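Bear in mind these aren't lab numbers, they're just calculated from the coordinates by the rules spelled out. Quantities reported herein were computed from a predicted structural model and do not represent experimental measurements. Note that each Cβ is placed from the backbone with ideal geometry, even for glycine, and that neighbours are counted across all protein chains shown.
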Amino acid sequence: MKLRLRIASFSAPIIALSIAFGLSSLILLFIGKDPIETFRIMFEYGIKGKSIVSIINRSIPLYISAIAVAVGFKMGLFNIGVEGQYLVASLIAAFIGSQFSIITPIHILFIIIIAIACSAMWAAIAGYLKVKKGIHEVISTIMLNYIGTGLIAYGLTNVFDEAGSDYELPRTPELPESGQMPALNNLFRLDDLQDLHGFLFVAIAAGIFYYWLVWKTTLGFDLRITGANPVAAKFSGINPNRLIIVAMVTSGGFAGLVGLGPLLGYFHRFTIDFPTGLGFAGIAVALLGRNHPFGMGIGALLFAFLERSSQILDLNDVPKEIERMLQAFILLIVVVFYEIIRRFIVKQQVKDASKKVET
Amino acid sequence: MIKNIYSFILKRYVVITPLLLVLIVAQREEYSQLTTSGTFGSAIRLAIPIMLAGLGGLFSEKTGVVNIGLEGMMIMGTWFGAWGGFTYGAWQGVFIGMLGGALFGFIHAIATVSFQVDHIVSGVAINILAAGVARFLNVISFEDIAYASSTASPRITGEIGKMTVPFLAGGPINDEETFNLFGNIENLDIFLISDFAGFILGFLSNISYLTIFALAIVPFSLFILWHTPIGLQMRSVGEYPTGSESLGVNVYLMKYIGVTISGALSGLAGAYLVIGGTGIYLEGQTGGRGFIGLASMLFGNYKPFGILMGSGLFGFADALQLRSPQAVHGLLIVISIFLFVLVLKTLFEKKYTQSLISLLFSGAFLIWFLNSTTIPNQFVYFTPHITTLIVLSFANQRIKLPEKIGVPYKKGELT
């Protein structure tokens, strides 16, 4: 791609961000707050050492969730069910992981494998329903989210509840020492700050694996060609039904990792205040980062930054929910601008090509 | 003649067998809640939001725009409905809720029609946007008001009236009670006839004017879409936009109209949840009903009365879970026997693997039924959602989608 077009494609998120901040500023003005002051407070709070560790911790599950969604997006498959998949997987992995104790790396690997397997199986239901019954994956995954929530509520109180605990609310037994992921603070010499989750490395590995899978393997090629042109893909001999199942299972597999960052690094058990909503946030991050491993990383950090830095706002008498609006604005405006820029680039490429033909 | 009836039953066995089984199971004392007028009454109240969302989906998808954002538009309907209901009064709340939904429909139209953004991407973005906006608006609007929190609004003021039809359902005339025809029949406990009377009674007694208004939209949508010039234009845009354009139809305008109406109807669905139901806005109270509405649209094969039927089914499932977990337990045996019918059918068609799977599930449900007396609350909560999946897996194969559904249309471009 030519430099000019490359710049154009990078301009989309920047324009979208500016417009989203502009809109949010207008809203802040409307409710009688000073937007510049608000954003300054947020920024100052967001770049403190403590905040940065928190932002990285928050961005880990967001990033993995975005990857899970992106695997499907690459072939035009919408896995809206990451939410249910990771919660189901986290509960079961947390319970099984708490039942025994072996050396740390094996223990953690075992928990990871269980989470991936559970989540992939849960996602496979949606793949099956699409292939065999023709139910659109958006509907089936949403319904499976609600079913999953119900099953989790039942399982947590009746099956996986810690036996003999006098804690009032249901929760799984705590992971033994060997199943807890060590923090990275010693590695980066962050002594007086809170734990930096060790799962960071898994997230980075997942990003690299995702890149390899989608851009360097035949499966990835099949995914991309189906996403770009389903008809052409079919005629080139790709079995769409098989691919739907494979993509759904792969996406679900990544989804299994989403809850493990918080689980292994901080909670060490599944409780009713285990973080939810990461699946939906992942969709936003995937759209923002355009399914690119690097772009999604930036997106995850940005969203985590907004989430963390907005915490300070309530102390300054600004409703911190402005951050949700801001995220949503960014998302909606960015998809519009990506489309505009995409069309612009295609037009330019056609123009350039026809110029070449003429000369 | 007999052959016709036979083939009719065979084709509709998916609907007829469970219906019959429910009626039979309802004869048992402990499952009688399955077919009382009370259950049907709440089934209607719960079906209306799903039906309205389904009709919303219809208006949008007939013009070729996939609307996954129904849920988000419904969320806007709940918040704006509650805000309008609190500030001005019940009927004003309904109207304001519709406007709120329509606004988000309009945003969806801008993204998908004018900017040709992928319809599902835009819909997903709308849902996330709506959740954020509703939360924010709720926080800034009801900051200093008692009984409001960041996730709940104060109670609406005013009320939508209710009525009971005189003579047929025992409604009063000039404050005097009248004869209750269907009520008496229901109390006689005659097989089928009393159950049917209960069904009719559900429509006739204690019915809110808002429900009547919503039900009237069904024939109205049918009329607009299939019997007016603008309806024809809207449908043509979904089937063959290039051809419509060449005949002078304003494709963009039709799509804008369709998607905005879709938003308004979803907004009404949300407002109904608040004003006809809880009386307050609660975060997450739509509970996926926008998506269930979409499912009822698919179930109803893109026809208003089909949508009414589909949403009735989901409303029934919802009503059971709210009114009587006991009755949901009765459904277990219904499912088990239905699956057994399926076993026989697949055996007859020589699909042995399917048959075996059905048999296993049938046995599992039977064992579950025999070894329990109720269903855990947590399972009851997702009855409507699992119903959606089951219903769609049996009903989805024969639907006729609009030809150019989900395909972005750009003026002057051949696709």
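For the reader, a short list of remarks on this structure follows.
- For a straight C-alpha distance cut-off of 16 angstrom, the lysines reachable from B:Lys404 (same-chain residues fewer than eight places away being disregarded) are B:Lys62, B:Lys255.
- Selection among A:Thr226, A:Gln349, A:Gln311 by position relative to the dipole of the protein assembly as shown gives A:Gln349 as farthest towards the positive end (Cβ unit charges, Cα centre).
- Ignoring lysines fewer than eight residues from A:Lys132 along the same chain, the ones with Cα atoms less than 17 angstrom from its Cα are B:Lys351.
- Distance between the 7 Å Cα→Cβ label points at A:Asn229 and B:Lys411: 2.8 nm.
- Rounded to whole Hz, the Karplus (6.51, -1.76, 1.60) HN-Hα couplings of segment A:39-51, x for glycine and proline: 5, 5, 4, 4, 5, 4, 5, x, 9, 5, x, 4, 4
- Note on A:316-326: average number of Cβ atoms from other chains within 10 Å of each residue's Cβ is 4.
- For segment B:43-126, dividing the convex hull volume of the Cα atoms by the residue count gives 87 Å³ per residue.
- Which of A:Ile345, A:Ile152, A:Ile92 has the fewest Cβ neighbours within 10 Å, and the rest in rising order: A:Ile345, A:Ile152, A:Ile92
- At q = 0.09, 0.13, 0.16 Å⁻¹ the log10 of I(q)/I(0) for segment A:124-245 amounts to -0.53, -0.92, -1.04, computed by Debye summation with a single uniform scatterer per C-alpha, solvent ignored.
- Most mobile of A:Ala126, A:Ala163, A:Ala153 in a GNM of chain A (Cα contacts under 10 Å): A:Ala163
- Rg of the Cα atoms in the protein assembly as shown, relative to 2.2 N^0.38 Å, amounts to 0.98.
- Among B:Thr387, B:Thr112, B:Thr373, the largest mean-square fluctuation in a Gaussian network model of chain B (Cα springs under 10 Å) belongs to B:Thr373.
- For segment A:47-317, the Cβ-based charge dipole about the Cα centre amounts to some 1360 debye (Lys, Arg positive; Asp, Glu negative; other atoms uncharged).
- Positive-end residue of A:Val202, B:Phe136, B:Thr286, charge dipole of the protein assembly as shown with Cβ unit charges: A:Val202
- Segment A:230-257-segment B:303-319 distance, computed between alpha-carbon centres (Å): 33
- Ranking A:Thr250, A:Ile47, A:Leu301 by how far each Cα lies toward the positive end of the dipole of segment A:47-317 (charges on Cβ) leaves A:Thr250 at the top.
- Oblate is the label for segment B:301-415, because a/c, from the alpha-carbon gyration tensor with a ≥ b ≥ c as root eigenvalues, is 1.5 or above and a/b does not exceed b/c.
- Dipole magnitude for chain B: about 1300 debye, using +1 per Lys or Arg Cβ and -1 per Asp or Glu Cβ, origin at the Cα centre.
- Only Lys, Arg, Asp and Glu carry charge here, each on its Cβ (+1 for the first two, -1 for the last two); on that basis the protein assembly as shown has a dipole of about 3400 debye about its Cα centre.
- Shape category assigned to segment B:272-338 from the gyration tensor of Cα positions, a/c cut at 1.5: oblate
- When A:Leu62, B:Leu344 are sorted by how many other C-beta atoms sit within 10 angstrom of their C-beta, beginning with the fewest, the order is B:Leu344, A:Leu62.
- Within a Gaussian network of chain A (alpha carbon springs, distance under 10 Å), most fluctuating of A:Glu168, A:Glu37, A:Glu83: A:Glu168
- Membrane-span-like helices in chain B (whole DSSP H runs, Cα extent of at least 30 Å along the helix axis, mean Kyte-Doolittle hydropathy of at least -0.5): B:37-62, B:119-141, B:251-273, B:325-348.
- Per-residue Karplus couplings for segment A:282-288, computed as 6.51 cos²θ - 1.76 cosθ + 1.60 with θ equal to phi - 60°, are listed in order as x, 4, 4, 5, 5, 5, 5 Hz, Gly and Pro entered as x.
- Counting every other Cβ atom within 10 Å of each residue's Cβ, B:Asp175, B:Asp118 order from fewest to most as B:Asp175, B:Asp118.
- Gyration tensor (alpha-carbon) shape descriptor, chain B, a/c threshold 1.5: oblate
- Taking every alpha-carbon pair under 8 Å whose residues sit at least 6 apart, chain B reaches a relative contact order of 29 percent.
- If you take the Cα centroid of segment B:98-170 and the Cα centroid of segment A:38-83, the two points sit 27 Å apart.
- Anchor A:Lys50: lysines whose Cα lies under 23 Å away (excluding residues fewer than 8 positions away in-chain): A:Lys320
- Segment A:130-191 and segment B:26-86: distance between their alpha carbon centers, rounded to Å: 31
- Fraction of the pair-distance distribution of chain A above 25 Å, Cα-Cα pairs, percent: 59
- From phi via Karplus (6.51, -1.76, 1.60), per-residue ³J(HN,Hα) for segment A:210-226 in Hz, x at Gly/Pro: 4, 4, 4, 5, 7, 9, 10, 10, 5, 4, x, 4, 4, 4, 5, 5, 5
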